[in-house]
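To keep things clear, I will list the structure first and then write my remarks on it.
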Amino acid sequence: MKNYLITGVSKGLGLKIAEKVLESGFSVYGISRSKSEELQLLLNKYPERLFWKSVDLSDQGLDVRKEIFKDFLTNKTHLNGFVNNAALAYDDIITNLNQEKLELMFRANVFTPMMMTKYAIRNMIFNKVKGSIVHISSISVHTGYKGLAMYASTKGALEAFSKNTGREWGETGIRSNVLVAGFMETNMSSTLTNDQKNRIYNRTSLKKPTTIASVASTVLFLLGDQSESITGQNIFVDSGTI
(Lines give C-alpha, C1' and ligand atoms only; values in the text may rest on other atoms or scores of the structure.)
Protein backbone atom coordinates (compact mmCIF):
# COMPACT_ATOMS: atom_id res chain seq x y z
CA MET A 1 0.00 0.00 0.00
CA LYS A 2 1.40 3.39 -1.00
CA ASN A 3 0.98 6.35 1.34
CA TYR A 4 0.85 10.02 0.42
CA LEU A 5 0.98 13.13 2.58
CA ILE A 6 -1.10 15.99 1.12
CA THR A 7 -1.64 19.46 2.54
CA GLY A 8 -4.69 21.65 2.04
CA VAL A 9 -7.09 18.73 1.58
CA SER A 10 -10.26 20.41 2.83
CA LYS A 11 -11.28 21.96 -0.48
CA GLY A 12 -10.38 22.82 -4.06
CA LEU A 13 -7.27 21.33 -5.58
CA GLY A 14 -6.08 19.54 -2.44
CA LEU A 15 -9.41 17.78 -2.04
CA LYS A 16 -9.37 16.70 -5.70
CA ILE A 17 -5.79 15.40 -5.44
CA ALA A 18 -6.70 13.39 -2.34
CA GLU A 19 -9.75 12.02 -4.11
CA LYS A 20 -7.74 10.86 -7.13
CA VAL A 21 -5.06 9.25 -4.94
CA LEU A 22 -7.74 7.40 -2.97
CA GLU A 23 -9.54 6.31 -6.15
CA SER A 24 -6.23 4.78 -7.28
CA GLY A 25 -6.25 2.53 -4.21
CA PHE A 26 -3.67 4.36 -2.11
CA SER A 27 -3.75 5.90 1.37
CA VAL A 28 -3.79 9.62 2.10
CA TYR A 29 -2.56 11.45 5.18
CA GLY A 30 -4.30 14.79 4.78
CA ILE A 31 -3.67 18.08 6.51
CA SER A 32 -5.72 21.26 6.55
CA ARG A 33 -6.74 23.94 9.02
CA SER A 34 -10.40 22.97 8.96
CA LYS A 35 -12.63 20.09 7.93
CA SER A 36 -15.10 20.89 5.16
CA GLU A 37 -18.30 18.99 4.41
CA GLU A 38 -16.69 17.66 1.24
CA LEU A 39 -13.70 16.36 3.19
CA GLN A 40 -16.00 14.68 5.72
CA LEU A 41 -17.78 12.89 2.88
CA LEU A 42 -14.41 11.65 1.64
CA LEU A 43 -13.49 10.51 5.17
CA ASN A 44 -16.76 8.59 5.35
CA LYS A 45 -16.13 6.98 1.97
CA TYR A 46 -12.55 5.90 2.70
CA PRO A 47 -12.37 5.41 6.50
CA GLU A 48 -9.51 2.91 6.29
CA ARG A 49 -7.33 4.83 3.85
CA LEU A 50 -7.90 8.53 4.56
CA PHE A 51 -6.44 10.01 7.71
CA TRP A 52 -6.80 13.69 8.61
CA LYS A 53 -5.36 16.16 11.07
CA SER A 54 -6.02 19.84 11.63
CA VAL A 55 -2.78 21.79 11.31
CA ASP A 56 -2.23 25.51 10.72
CA LEU A 57 0.89 25.68 8.56
CA SER A 58 1.23 29.42 9.21
CA ASP A 59 1.49 28.96 13.00
CA GLN A 60 4.81 30.38 14.13
CA GLY A 61 4.95 27.92 17.00
CA LEU A 62 4.25 24.84 14.90
CA ASP A 63 6.60 21.94 15.64
CA VAL A 64 6.52 20.13 12.30
CA ARG A 65 8.42 17.09 13.52
CA LYS A 66 6.18 16.51 16.54
CA GLU A 67 2.77 17.55 15.19
CA ILE A 68 3.03 15.90 11.79
CA PHE A 69 5.84 13.33 11.77
CA LYS A 70 5.48 11.93 15.29
CA ASP A 71 1.87 12.45 16.39
CA PHE A 72 0.32 11.85 12.95
CA LEU A 73 2.66 10.18 10.49
CA THR A 74 5.58 8.19 11.89
CA ASN A 75 8.42 6.27 10.30
CA LYS A 76 6.33 3.12 10.73
CA THR A 77 4.38 4.39 7.73
CA HIS A 78 6.30 4.14 4.47
CA LEU A 79 5.78 7.54 2.88
CA ASN A 80 5.78 7.31 -0.92
CA GLY A 81 5.04 10.92 -1.69
CA PHE A 82 4.43 14.42 -0.37
CA VAL A 83 2.21 16.98 -2.11
CA ASN A 84 2.77 20.53 -0.89
CA ASN A 85 -0.51 22.10 -1.97
CA ALA A 86 -1.71 24.35 0.88
CA ALA A 87 -1.03 28.06 0.49
CA LEU A 88 -1.99 31.49 1.72
CA ALA A 89 -2.52 34.28 -0.80
CA TYR A 90 -1.64 37.83 0.19
CA ASP A 91 -2.46 40.06 -2.79
CA ASP A 92 -1.64 43.76 -2.95
CA ILE A 93 0.52 46.21 -4.86
CA ILE A 94 4.11 46.46 -3.71
CA THR A 95 3.83 50.00 -2.35
CA ASN A 96 1.23 48.71 0.13
CA LEU A 97 3.37 45.77 1.26
CA ASN A 98 2.67 44.72 4.85
CA GLN A 99 5.56 42.88 6.48
CA GLU A 100 3.43 41.00 9.01
CA LYS A 101 1.19 39.57 6.26
CA LEU A 102 4.26 38.82 4.15
CA GLU A 103 5.93 36.86 6.95
CA LEU A 104 2.71 34.94 7.65
CA MET A 105 2.46 33.94 4.00
CA PHE A 106 6.11 32.87 3.82
CA ARG A 107 5.64 30.67 6.89
CA ALA A 108 2.67 28.89 5.33
CA ASN A 109 3.92 28.77 1.74
CA VAL A 110 7.67 28.30 2.14
CA PHE A 111 9.15 27.73 5.60
CA THR A 112 6.75 25.04 6.87
CA PRO A 113 6.70 23.16 3.52
CA MET A 114 10.51 23.16 3.53
CA MET A 115 10.53 21.63 7.01
CA MET A 116 7.90 19.10 5.94
CA THR A 117 10.08 18.19 2.96
CA LYS A 118 12.99 17.63 5.34
CA TYR A 119 11.08 15.08 7.41
CA ALA A 120 9.37 13.51 4.40
CA ILE A 121 12.78 12.79 2.89
CA ARG A 122 14.00 11.39 6.22
CA ASN A 123 10.99 9.04 6.27
CA MET A 124 11.74 7.91 2.71
CA ILE A 125 15.41 7.30 3.49
CA PHE A 126 14.58 5.40 6.69
CA ASN A 127 12.14 3.16 4.84
CA LYS A 128 14.29 2.89 1.69
CA VAL A 129 11.49 4.35 -0.44
CA LYS A 130 12.02 5.97 -3.81
CA GLY A 131 9.52 8.71 -3.14
CA SER A 132 8.11 11.65 -5.07
CA ILE A 133 7.66 15.23 -3.87
CA VAL A 134 5.35 17.61 -5.72
CA HIS A 135 5.10 21.32 -4.95
CA ILE A 136 2.17 23.31 -6.34
CA SER A 137 3.32 26.61 -7.82
CA SER A 138 1.61 29.36 -9.79
CA ILE A 139 1.88 30.75 -13.29
CA SER A 140 2.24 34.16 -11.65
CA VAL A 141 5.90 33.26 -11.03
CA HIS A 142 6.51 33.22 -14.78
CA THR A 143 3.98 35.75 -16.08
CA GLY A 144 3.61 38.89 -14.00
CA TYR A 145 0.23 39.96 -12.63
CA LYS A 146 -0.51 43.19 -10.82
CA GLY A 147 -0.86 42.61 -7.10
CA LEU A 148 0.73 39.14 -7.04
CA ALA A 149 4.41 40.02 -6.55
CA MET A 150 4.51 38.86 -2.93
CA TYR A 151 2.52 35.66 -3.54
CA ALA A 152 4.57 34.83 -6.63
CA SER A 153 7.80 35.30 -4.65
CA THR A 154 6.79 32.48 -2.27
CA LYS A 155 6.09 30.14 -5.17
CA GLY A 156 9.32 31.14 -6.90
CA ALA A 157 11.21 30.19 -3.74
CA LEU A 158 9.56 26.75 -3.82
CA GLU A 159 10.54 26.23 -7.44
CA ALA A 160 14.20 26.89 -6.65
CA PHE A 161 14.00 24.67 -3.56
CA SER A 162 12.44 21.82 -5.53
CA LYS A 163 15.00 21.89 -8.34
CA ASN A 164 17.86 21.69 -5.86
CA THR A 165 16.06 18.98 -3.85
CA GLY A 166 15.85 16.90 -7.02
CA ARG A 167 19.59 17.33 -7.61
CA GLU A 168 20.53 16.63 -3.99
CA TRP A 169 18.52 13.43 -3.50
CA GLY A 170 18.19 12.02 -7.00
CA GLU A 171 20.76 9.27 -6.51
CA THR A 172 18.59 7.81 -3.73
CA GLY A 173 15.63 7.62 -6.10
CA ILE A 174 13.79 10.49 -4.42
CA ARG A 175 12.30 12.89 -6.97
CA SER A 176 11.09 16.47 -6.60
CA ASN A 177 9.01 18.38 -9.13
CA VAL A 178 6.85 21.46 -9.33
CA LEU A 179 3.45 21.67 -10.94
CA VAL A 180 2.98 25.22 -12.19
CA ALA A 181 -0.77 25.72 -12.22
CA GLY A 182 -2.64 28.30 -14.22
CA PHE A 183 -5.54 30.29 -12.81
CA MET A 184 -8.26 27.95 -11.59
CA GLU A 185 -11.78 28.55 -10.29
CA THR A 186 -10.94 28.17 -6.59
CA ASN A 187 -11.62 30.01 -3.35
CA MET A 188 -8.26 31.71 -3.78
CA SER A 189 -9.40 33.33 -7.05
CA SER A 190 -12.96 34.03 -5.88
CA THR A 191 -12.10 37.62 -4.90
CA LEU A 192 -11.44 38.53 -8.55
CA THR A 193 -14.18 40.16 -10.57
CA ASN A 194 -15.47 38.50 -13.75
CA ASP A 195 -13.72 41.17 -15.80
CA GLN A 196 -10.40 40.45 -14.05
CA LYS A 197 -10.84 36.71 -14.57
CA ASN A 198 -11.68 37.12 -18.26
CA ARG A 199 -8.59 39.25 -18.84
CA ILE A 200 -6.47 36.53 -17.24
CA TYR A 201 -8.13 33.75 -19.24
CA ASN A 202 -7.73 35.69 -22.49
CA ARG A 203 -3.97 35.56 -21.98
CA THR A 204 -4.08 31.79 -22.39
CA SER A 205 -4.04 29.78 -25.60
CA LEU A 206 -7.21 27.93 -24.63
CA LYS A 207 -8.98 31.12 -23.50
CA LYS A 208 -10.37 29.42 -20.41
CA PRO A 209 -9.41 28.62 -16.81
CA THR A 210 -7.19 25.71 -15.95
CA THR A 211 -9.32 22.87 -14.62
CA ILE A 212 -8.74 21.49 -11.14
CA ALA A 213 -9.21 17.95 -12.49
CA SER A 214 -6.41 18.42 -15.03
CA VAL A 215 -3.99 19.69 -12.39
CA ALA A 216 -4.90 16.90 -9.96
CA SER A 217 -4.45 14.22 -12.63
CA THR A 218 -1.00 15.57 -13.45
CA VAL A 219 -0.04 15.53 -9.77
CA LEU A 220 -1.12 11.87 -9.62
CA PHE A 221 1.09 11.15 -12.63
CA LEU A 222 4.09 12.87 -11.00
CA LEU A 223 3.58 10.84 -7.83
CA GLY A 224 3.54 7.53 -9.66
CA ASP A 225 6.06 5.20 -11.25
CA GLN A 226 5.13 6.35 -14.77
CA SER A 227 7.08 9.56 -14.10
CA GLU A 228 10.12 7.79 -12.66
CA SER A 229 12.53 9.67 -14.97
CA ILE A 230 11.15 13.14 -14.20
CA THR A 231 12.78 15.19 -11.46
CA GLY A 232 13.87 18.77 -10.85
CA GLN A 233 11.31 20.00 -13.38
CA ASN A 234 8.55 22.58 -13.59
CA ILE A 235 5.51 21.01 -15.22
CA PHE A 236 3.12 23.63 -16.60
CA VAL A 237 -0.63 22.97 -16.50
CA ASP A 238 -1.89 26.44 -17.35
CA SER A 239 -4.13 26.37 -20.45
CA GLY A 240 -1.15 27.62 -22.46
CA THR A 241 -0.59 30.93 -20.70
CA ILE A 242 1.24 33.42 -22.93
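The values are calculated or read from the model by the stated rules, or taken from the named source; none is laboratory data. All values derive from a computational prediction rather than experimental measurement. Cβ: placed from backbone, ideal geometry, glycine included. Neighbour counts: every protein chain shown.
Miscellaneous remarks
- Taking the criterion of being of a type outside the set (S, T, N, Q) and either free of Cβ contacts under 8 Å to residues at least 40 places away in the same chain or touching a Lys or Arg at 6+ places or on another chain (Cβ under 7 Å) (or both), the residues of segment 60-81 that qualify are Gly61, Asp63, Lys66, Glu67, Lys70, Asp71, Phe72, Lys76.
- Enumerated strands (runs of 3 or more DSSP E) restricted to segment 1-118, each holding at least 1 residues that are under 22 Å from Ala181 (Cβ atoms), among the β-branched types (Val, Ile, Thr) and at pLDDT 95 or above: 3-7, 27-32, 79-84
- Residue in segment 180-199 that is surrounded by 16 or more Cβ atoms within 10 Å (Cβ to Cβ), under 16 Å from Pro113 (Cβ atoms) and under 21 Å from the mean Cα position of the chain (by Cα) present: yes
- Residue match in segment 85-95 (condition: touching a residue at least 60 places away in the same chain (Cβ under 8 Å) and more than 27 Å from Tyr29 (Cβ to Cβ)): yes
- With respect to the conditions (1) in contact with a Gly (Cβ under 8 Å, 6 or more places away or on another chain); (2) more than 26 Å from Gly81 (Cβ to Cβ); (3) in a helix (DSSP H, G or I), Ala152 falls short on a single one, namely (2).
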